[in-house]
Structure formats: structure tokens, C-alpha cells
Amino acid sequence: MNRVIAIVSPGSAPTRRLIQESRSRNAVIDMTNGRRTKAVLITDSGHVVLAPINPETVAGRVSSSKGNRADGEYED
């Protein structure tokens, strides 16, 4: 998950524009399976990932997968 640049909610106009522009470039990865998009992940490769879970949940899962502890230090 070190390729994720930003995790945002889909409600703002700039985010919606980014999704539409990415759709026109065929750079959208839709993981919602027909559910409502709650989080938008932006990657360093320019892909936009649509997720059906809250941005806070995604951020927590990303940080736990990187091995972060609560104090911000990495585990060995």
C-alpha cells in the first residue's frame, strides 16, 4: 500500500472531477460491486480506486498493513 498518495471522500466537486477524468483515461479501479462509493484512493501511478468503505477505515487498514504502531514508530 505504499503506492497510495491520498485517501479522500468522494463528495467534493474536485474529487468527482478527478473520478470522471480518470474514467475517460480508463484509470479507475472500481471495487464497490454496485455499492455506494465512500472512499477514493489516489495512487502514484495515476489510478483512482473507488472503495465502498469509509476513508478512516481504509487509512487504518493501510497503516496496520505497513506495521505502524500507535506512536508512529515502525515495528521490526
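The values are calculated or read from the model by the stated rules, or taken from the named source; none is laboratory data. The model shown is predicted, which means the values in this text are computed figures rather than measured ones. Note that each Cβ is placed from the backbone with ideal geometry, even for glycine, and that neighbours are counted across all protein chains shown.
Annotations for the structure displayed:
- Restricting attention to the range 30-48 and to residues that are aliphatic (A, V, I, L, M) and touching a helix residue (DSSP H, G or I) at 6+ places or on another chain (Cβ under 9 Å), the residue that is surrounded by the fewest Cβ atoms within 10 Å (Cβ to Cβ) turns out to be Ile42.
- Restricting the first member to the range 6-17 and to residues that are within 16 Å of Thr43 (Cα to Cα), and the second to residues that are part of a helix (DSSP H, G or I) and not β-branched (Val, Ile, Thr), the beta-carbon pairs closer than 7 Å and six or more apart or on different chains are Ile7/Pro55; Ile7/Ala59; Val8/Pro55; Ser9/Pro55; Pro10/Arg16.
- Test: Val49 is at pLDDT below 95, touching a Leu at 6+ places or on another chain (Cβ under 7 Å) and within 18 Å of Ile5 (Cα to Cα): no
- Scanning the range 30-46 for residues that are of a type outside the set (D, E, K, R) and over 10 Å from the mean Cα position of the chain (by Cα) returns Met31, Thr32, Asn33, Gly34, Thr37, Ser45, Gly46.
- Residue check for Val62: at pLDDT below 95 and either out of contact with any Cys (no Cβ under 6 Å at 6 or more places or on another chain) or surrounded by 11 or more Cβ atoms within 10 Å (Cβ to Cβ) (or both): yes
- When Arg69 is tested against (1) at pLDDT 95 or above; (2) out of contact with any strand residue (DSSP E or B) (no Cβ under 8 Å at 6 or more places or on another chain), only condition (1) is not met.
- Complete set of residues in the range 1-18 that are over 12 Å from the mean Cα position of the chain (by Cα), outside any loop (DSSP other than H, G, I, E, B) and either hydroxyl-bearing (Ser, Thr, Tyr) or under 19 Å from Asn54 (Cα atoms) (or both): Ala13, Pro14, Arg16, Leu18
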